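Notes follow the structure.
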Amino acid sequence: MRNRWLIALAAIGIHISIGSVYAWSVLVRPMMTEMGAGLKEITWVFSIAILFLGLSAGFLGSFVEKIGPRKSGLLAAAFFGTGMLGTALATVLHSLPLLYLAYGCIGGIGLGIGYITPVSTLVKYFPRRRGFATGLAIMGFGFAALVAGPLMQRLTAVYGLVQNFLIMGIAYMALMAASSLYLKPPVAEKTKHQIHHKQHGLTAGEAMKTWQFGALWWIFFVNITCGIGLLAVASPMAQEVVGMEASEAASMVGIIGLLNGAGRIFWSSISDFLGRAVTYVLFFLIEIIAFALLAGTSEVLMFQALVFLIITCYGGGFSCMPAYLSDLFGTRQLSAIHGRVLTAWGMAGLAGPTIIAAFRESAGGYAATRYFFAGCFVLNLLAALLLKFRGAKVACQAEPSQNLAQQLCAKVVAPPNPKAVP
């Protein structure tokens, strides 16, 4: 039996490596100069990586369940490391197609496999604190930019882009491999509860047939589209809108990473007490207000405060999702179900940066985009409210949990107490 806290540390090791993708905005301007390309071409690298993250997570979720977390983690390390090394080669050759293939496609597959690999394993070690467990696993993905942003900016300034990708690629491959070797599912105990769990958790196919799955996919898509659009241009937008220096913007990206990670563990832990449905309603209320205010500000501190607030909700939306899925559908095929939902991330990786770049080119700034994103969150709020008040029914078919909606549902479908019959 593995130590569950070391399992959590291994999960963080994988996620803090692949989460370096969130620091891509630090490299946007150097890559534009080095490759002789425009903003749109370079942000497409990030978009393709997120697209392949979603696709690989969606299509390989069942495969990850089958081969186990150790082999899946090693596979993720191989793909992600190869993508980073291929990116170095693409930079040497000044080849955009190779850059899209290496960082976008190959690295993106490593992102997807690495993202889902430790989550379902860690949830099984913390059955009564699912939100906290998924927050621990996914926290590393958000914290990654805190380390990777300033580090890659420094490596690029001192050694150049090529050496930056070589150094980081080798380091991440080693860390992911070491972390993967410790991952192992808990030894199953043949208890009555676990037999019930296996019988009543939904399969990925069954979950996808419910309207609740569709609603969760939609709110996940919108939350990521808006958040990732902000992340993709955080550094250049800070320089253009409020006049920050490149080094200051890089530091801001690092703080974004800190709050992205902190938001994941904070909100997912809170969701164990508030319930996942209430937590998502709070996310969207906050983001409606924050994006609307962000569109009209040109003051540095207010700009940063609003961006940081949005990012905590963005990160929390990621970390609460696996727990929400397990509340509704059980943990029987959690990796596969989570992978299907992550296809929304892939679509959003294309939509977010594309929308923000298109608005910037047509309107000459970022304000219109931020108003548009505020409107999108109004739709998300409506979906979240629908899930809160009508979404618990499917939980009756899944395993019991501490979620309030499921407890209420269980009271409805529970057999009558024989002692209560006269």
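The values are calculated or read from the model by the stated rules, or taken from the named source; none is laboratory data. Just so it is clear, the structure is predicted and the values come from calculations on it, not from any experiment. Cβ: placed from backbone, ideal geometry, glycine included. Neighbour counts: every protein chain shown. We work out accessible area using only protein heavy atoms, side chains counted, and drop any ligands, DNA or RNA first. Shrake-Rupley method; radii C 1.70, N 1.55, O 1.52, S 1.80 Å.
Brief remarks on what is shown
- Condition met for Gln163 (in a helix (DSSP H, G or I), open to solvent by 10 Å² or more (accessible area, probe 1.4 Å), at pLDDT below 90 and under 30 Å from Arg29 (Cβ atoms)): no
- A single entry from Arg332, Arg340 fulfils the requirement of being modelled with pLDDT of 80 or more, crowded, with 20+ Cβ neighbours inside 10 Å and either charged (D, E, K, R) or not in a helix (DSSP H, G or I) (or both): Arg340.
- Verdict on Leu85 being open to solvent by 10 Å² or more (accessible area, probe 1.4 Å) and over 22 Å from the mean Cα position of the chain (by Cα): yes
- In this structure, Ser251 qualifies as in contact (Cβ under 8 Å) with a residue 12 or more places away in the chain and more than 21 Å from Ile50 (Cβ to Cβ).
- Taking residues in segment 216-240 that are closer than 24 Å to Cys320 by Cα and β-branched (Val, Ile, Thr), and partners anywhere that are crowded, with 24+ Cβ neighbours inside 10 Å and at pLDDT below 80, the pairs with Cβ atoms closer than 8 Å and at least 6 places apart or on different chains are Ile224/Gly349; Ile228/Gly349; Ile228/Pro353.
- Of the listed requirements (1) under 16 Å from Ala232 (Cβ atoms); (2) over 24 Å from the mean Cα position of the chain (by Cα); (3) at pLDDT 80 or above, Phe373 misses just one: (2).
- If only residues of segment 293-308 that are closer than 17 Å to Ala374 by Cα and of a type in the set (Val, Ile, Thr) are counted, the one that is most open to solvent (accessible area, probe 1.4 Å) is Thr297.
- Residue within segment 109-128 that is farther than 27 Å from Ala262 by Cβ, of a type in the set (Ser, Thr, Tyr) and surrounded by fewer than 24 Cβ atoms within 10 Å (Cβ to Cβ) present: no
- Taking the listed residues Ser326, Ser319, the one that is buried (at least 24 other Cβ atoms within 10 Å of the Cβ) and closer than 30 Å to Tyr100 by Cα is Ser319, with no other qualifying.
- Hey, Gly104 of a type outside the set (Ser, Thr, Tyr) and either open to solvent by 10 Å² or more (accessible area, probe 1.4 Å) or under 16 Å from the mean Cα position of the chain (by Cα) (or both) or not: no
- When Leu183, Leu202 are checked against the criterion of being modelled with pLDDT of 85 or more and either open to solvent by less than 40 Å² (accessible area, probe 1.4 Å) or touching a Lys or Arg at 6+ places or on another chain (Cβ under 9 Å) (or both), Leu183 stands alone in meeting it.
- Count of segment 226-274 residues, restricted to those that are open to solvent by less than 20 Å² (accessible area, probe 1.4 Å) and charged (D, E, K, R), is 1.
- Any hit, segment 235-254, residues being at pLDDT below 90, under 23 Å from Val378 (Cα atoms) and not basic (Lys, Arg): no
- Residue match in segment 128-148 (condition: at pLDDT 90 or above, assigned to a helix (DSSP H, G or I) and not hydroxyl-bearing (Ser, Thr, Tyr)): no
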